[in-house]
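Chemist: Submitted below is the structure of interest, expressed as structure tokens.
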Amino acid sequence: MPTAGHLLRLIAFVDRQNIPEQLLRECGVEGMDDPVEFRRAVGKLLGFSLITATKHKGETFYELHRLIQLSVQVYSSPEELQRWSDNALRIISRIDLGKYDESETMNRRALEGRERILGAGHLDTLMSVSHLAIVLWRQGKYSVSEAMNRRALEGREKVLGPEHPDTLTSLN
């Protein structure tokens with residue numbers, strides 16, 4: 001798959017708006033770290049009006065129309081859905097620049113999207129709940145974080161059973 005396709009999927013699963021260019025360049029997805037390939041991919045997506053770019057304080061941010069985001073997510077195979085969701089969560093969880101409010105917002109959006117598309121009891125949704133709990137904990141919102149962790153644990157117990165390794169990991 002061309003790098004432009006990778007970039008489009010990545011944006012669709014991370015968030016659809018205000019995605020910093022630097023975050024995409026450092027995401028670890030094939031081709032994104034090569035400046036020439038990255039520019040080519042961005043150029044293709046901009047040329048087809050699939051994304052828009054804005055500048056703020058010298059930094060470039062990208063946005064994706066909501067319908068394009070939904071199309072990419074809905075028409076992805078289960079394997080692609082898993083792969084790009086994992087990539088997006090990995091990227092979002094890397095945001096550790098003291099910007100916990102932004103990270104919380106992004107994690108909440110990811111959770112809302114997964115709840116809407118996959119349902120509240122889906123394992124990927126429960127993973128988003130866990131990631132949000134981590135961000136909340138780092139912000140010192142311990143009671144809310146604990147509630148999110150309990151929700152993730154209870155969901156995994158229902159889906160996987162109380163003795164499943166992933167459920168037991170949730171106890172940690």
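Chemist: For the stretch 21-34, which residues satisfy the criterion of being at pLDDT below 85 and of a type outside the set (Gly, Ala, Ser)?
Modeler: Gln22, Leu23, Leu24, Arg25, Glu26, Cys27, Val29, Glu30, Met32, Asp33, Asp34
Chemist: Go through the stretch 1-80 and tell me which helices (runs of 4 or more DSSP H), entirely inside it, have 2 or more residues that are more than 18 Å from Ile117 (Cα to Cα).
Modeler: Qualifying helices (runs of 4 or more DSSP H): 3-14, 21-25, 35-47.
Chemist: With respect to Ala88, is the statement that it is outside any strand (DSSP E or B), within 27 Å of Leu126 (Cβ to Cβ), small (Gly, Ala, Ser) and out of contact with any Lys or Arg (no Cβ under 6 Å at 6 or more places or on another chain) true?
Modeler: Yes.
Chemist: Still on this structure, please answer the following. Can you confirm whether the stretch 86-94 contains a residue that is modelled with pLDDT of 85 or more and either surrounded by 18 or more Cβ atoms within 10 Å (Cβ to Cβ) or assigned by TED's automatic domain parsing to the domain that holds Gln17 (or both)?
Modeler: no
Chemist: Determine which member of the set Gly113, Gly121 is part of a loop (DSSP other than H, G, I, E, B), modelled with pLDDT of 85 or more and under 30 Å from Ser76 (Cα atoms).
Modeler: Answer to the selection: Gly121.
Chemist: So, one more: From the list Ala133, Ala147, pick out the single residue that is within 28 Å of Ala12 (Cβ to Cβ) and either in a helix (DSSP H, G or I) or not assigned by TED's automatic domain parsing to the domain that holds Ala12 (or both).
Modeler: That would be Ala133, the only listed residue that is within 28 Å of Ala12 (Cβ to Cβ) and either in a helix (DSSP H, G or I) or not assigned by TED's automatic domain parsing to the domain that holds Ala12 (or both).
Chemist: Turning to a different aspect of this structure: Is at least one residue of the stretch 55-62 charged (D, E, K, R) and either more than 19 Å from Ser103 (Cβ to Cβ) or without any contact (Cβ under 8 Å) to a residue 12 or more places away in the chain (or both)?
Modeler: yes
Chemist: Filter the stretch 132-151 down to the residues that are crowded, with 21+ Cβ neighbours inside 10 Å and touching a Leu at 6+ places or on another chain (Cβ under 6 Å), then identify the one that is nearest to Arg109 (Cα to Cα).
Modeler: Leu132
Chemist: Condition first: within 16 Å of Asn87 (Cβ to Cβ) and buried (at least 16 other Cβ atoms within 10 Å of the Cβ). Now tell me which residues in the stretch 26-71 satisfy that.
Modeler: Once the filter is applied, which keeps residues that are within 16 Å of Asn87 (Cβ to Cβ) and buried (at least 16 other Cβ atoms within 10 Å of the Cβ), the stretch 26-71 yields Cys27, Val29, Gly31, Met32, Phe38, Ala41, Tyr62, Leu64, Gln69.
Chemist: Would you check which residues across the stretch 7-23 are without any contact (Cβ under 8 Å) to a residue 60 or more places away in the chain and surrounded by 20 or more Cβ atoms within 10 Å (Cβ to Cβ) and list them?
Modeler: Of everything in the stretch 7-23, those that are without any contact (Cβ under 8 Å) to a residue 60 or more places away in the chain and surrounded by 20 or more Cβ atoms within 10 Å (Cβ to Cβ) turn out to be Leu7, Ile11, Arg16, Ile19.
Chemist: Right, here's the next one. Which of the following residues is farther than 19 Å from Asp124 by Cβ and in contact with a Phe, Trp or Tyr (Cβ under 9 Å, 6 or more places away or on another chain): Glu30, Glu63, Glu26, Glu21?
Modeler: Answer to the selection: Glu21.
The values are calculated or read from the model by the stated rules, or taken from the named source; none is laboratory data. For clarity, every value in this text was computed on a predicted model and none was experimentally measured. Positions of Cβ are backbone-derived with ideal geometry, glycine not excepted, and every protein chain shown enters the neighbour counts.
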